[in-house]
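Presented below is the structure to which this report refers.
Derivation of every value follows stated rules applied to the coordinates shown; laboratory data play no part. The structure displayed is predicted, hence computed values, not measured ones. Here Cβ is always computed from backbone atoms with ideal geometry, including for glycine, and neighbour counts include all displayed protein chains.
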Amino acid sequence: MKFSVMISEGPYTHQASDTAYNFTKAALEDGHECFRIFFYHDGVNNGTRLASPPQDDRNIINRWSALAKEYKLDLVLCVAAAQRRGIADADEAKRNGKNADNIASGFRISGLGQLIEAGIQSDRLITFGD
Amino acid sequence: MPETKKFLYVNRKAPYGTIYALESLEVVLIGAAFEQDVSLAFLDDGVYQITKGQNTKDIGMKNFSPTYKALGDYDVNKIYVEQESLDARGLTLDDLLPLTWEDEDDDWAEKESIKVISAAEMAKIMEQSDVVFSF
């Protein structure tokens with residue numbers, strides 16, 4: 001089955017990203033195909049490389065980056081949500097006159113159309129959030 | 001582009017206090033360009049999103065409720081409101097924004113977009129939808 005995931009909560013505060021990660025990993029290991037992972041609302045905070053969680057805890061951001069590398073996942077941060085919350089890649093930083101970017105490896109920033117497209121193209125779109 | 005799918009946007013939270021309602025509306029407006037079969041559902045505190053007379057002056061937030069009135073122009077004209085959620089909050093249809101659309105197949109007659117339905121009917125609409133976004 002071809003599936004997509006929407007994550008609508010940030011890391012650590014909420015379990016959404018953890019559960020979405022475990023679900024996605026299990027589904028991929030089971031041979032299913034992931035069309036896209038879309039991060040919305042505070043979910044875009046899952047895509048900052050500046051997070052430094054304690055050594056003895058899981059690193060939610062790096063974990064997504066590693067899974068993306070292994071399975072060539074398309075991790076998309078919503079541009080409007082990212083702008084509000086200070087998540088930027090080099091292009092976005094330049095466009096908005098910021099002196100730094102902070103996007104983590106394996107993520108990209110794009111529009112909400114990517115979420116709609118995921119709904120159209122996938123057999124199932126699963127939301128993780130409140 | 002594959003076949004048209006039935007998209008349902010479920011709005012369950014109050015308009016202010018959290019950003020979900022505003023960012024849900026942003027998805028609906030972007031999604032309208034994709035020519036899918038779109039419905040909106042308002043239940044729980046989500047019914048407050050489309051109440052009349054919203055005034056956000058004292059909380060320093062943007063009152064985005066006028067945007068709902070534009071939905072008809074985007075061909076978003078199936079708006080379902082759960083009766084039980086209205087009842088629980090002492091609201092009636094009269095408390096909601098007059099959301100309308102113009103039917104081009106009926107000489108551009110102005111028609112009501114809002115339909116108040118029961119929780120059981122709402123369940124059926126969810127069941128019949130292909131893609132359900134919950135905000």
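Figures for the structure shown
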item: Residues of the stretch B:6-35 classified as buried (at least 18 other Cβ atoms within 10 Å of the Cβ), more than 7 Å from chain A (Cβ to nearest Cβ) and touching a residue at least 60 places away in the same chain (Cβ under 8 Å), total; result: 8
item: Residue, nearest to the other protein chains (Cβ to nearest Cβ), within the stretch A:78-127, restricted to residues that are part of a strand (DSSP E or B) and over 28 Å from B:GLU3 (Cβ atoms); result: A:ILE109
item: Single match in A:ILE116, A:ILE103 (criterion: closer than 17 Å to A:VAL5 by Cβ and of a type in the set (A, V, I, L, M)); result: A:ILE116
item: In the stretch A:19-43, residue farthest from A:PHE128 (Cα to Cα) [restricted to those that are surrounded by fewer than 17 Cβ atoms within 10 Å (Cβ to Cβ) and touching a residue at least 40 places away in the same chain (Cβ under 8 Å)]; result: A:LEU28
item: Among (1) part of a helix (DSSP H, G or I); (2) closer than 27 Å to B:VAL38 by Cβ - the single one A:ASP130 does not satisfy; result: (1)
item: Some residue of the stretch B:38-54 being closer than 16 Å to B:LEU97 by Cβ, in a loop (DSSP other than H, G, I, E, B), away from chain A (no Cβ under 14 Å) and out of contact with any strand residue (DSSP E or B) (no Cβ under 7 Å at 6 or more places or on another chain); result: yes
item: Qualifying residue in the stretch A:1-8 (condition: without any contact (Cβ under 8 Å) to a residue 40 or more places away in the chain and exposed (fewer than 15 other Cβ atoms within 10 Å of the Cβ)); result: no
item: Listing of strands (runs of 3 or more DSSP E) fully contained in the stretch B:57-135 that carry 1 or more residues being touching a residue at least 60 places away in the same chain (Cβ under 8 Å), within 14 Å of another protein chain (Cβ to nearest Cβ) and of a type in the set (Gly, Ala, Ser); result: B:131-134
item: Counted residues, the stretch B:98-113 - those being more than 11 Å from B:VAL81 (Cβ to Cβ) and surrounded by 15 or more Cβ atoms within 10 Å (Cβ to Cβ); result: 2
item: Qualifying residues in the stretch A:23-43 (those that are in a helix (DSSP H, G or I) and more than 18 Å from A:ALA104 (Cβ to Cβ)) - the one farthest from the other protein chains (Cβ to nearest Cβ); result: A:GLU29
item: So A:ASN46, is it in a helix (DSSP H, G or I), free of Cβ contacts under 8 Å to residues at least 24 places away in the same chain and more than 14 Å from chain B (Cβ to nearest Cβ); result: no
